[in-house]
Amino acid sequence: MSRLDILKASLEKKQAKFYEKLNEHFADVRSANGQPLNDKKNGASTMKRWDKQNNVLSNMEKEIEKTKMAIEREESKIRRIDCNKDIMPEEIQVLIDNGTLRQWGKYPHIMFVEGVDKARIIWDDKKKLVMHKFVSSITDKEQRKKFAQIYNSLHTSVNKK
């Protein structure tokens, strides 16, 4: 499940809980039956209870707004990744689409090879070159072999153009 899906599910839960609390508050206010609160024995405690309910509702509203902003941020990240992917050479796009490479959300020009720890492939748009970083930190021979195979194929096809 992606981060965006998690945020949307969280928003739905928060909104459902908000409407539930809102209905509870309205039911509680209705239970006053239109009588003036200063005539009731527990008028002050009823007002305190309603203030607490209002505070809970306003806090829940703030949380819903935070979640909506997080969803907007995540959607803009996805749009930025897609926009950056269109700038990259077709060879890189194919590897991203089939799942061999995974773009970093924070820096979409940096990609990770699936199943390889730490090492990165970097697309420099200004120089139109494919580069690598942190290859020396790969300790597993299988991971190094996989990374080298993918990087070398990209290097020969993209950098030689």
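None of the figures in this text is laboratory data; all of them are computed from the coordinates on show. Being a predicted model, the structure only gives us computed values, none of them experimental. Using ideal geometry, Cβ is built from the backbone for each residue, glycine included, and neighbour counts are taken over all protein chains shown.
Suppose we filter Leu11, Leu22, Leu4 for residues that are touching an Asp or Glu at 6+ places or on another chain (Cβ under 6 Å) and surrounded by 11 or more Cβ atoms within 10 Å (Cβ to Cβ); which single one remains? After applying the criteria, what remains is Leu4. Residues of the stretch 74-95 that are of a type in the set (D, E, K, R) and surrounded by 12 or more Cβ atoms within 10 Å (Cβ to Cβ): Glu74, Glu75, Lys77, Arg80, Lys85, Glu91.
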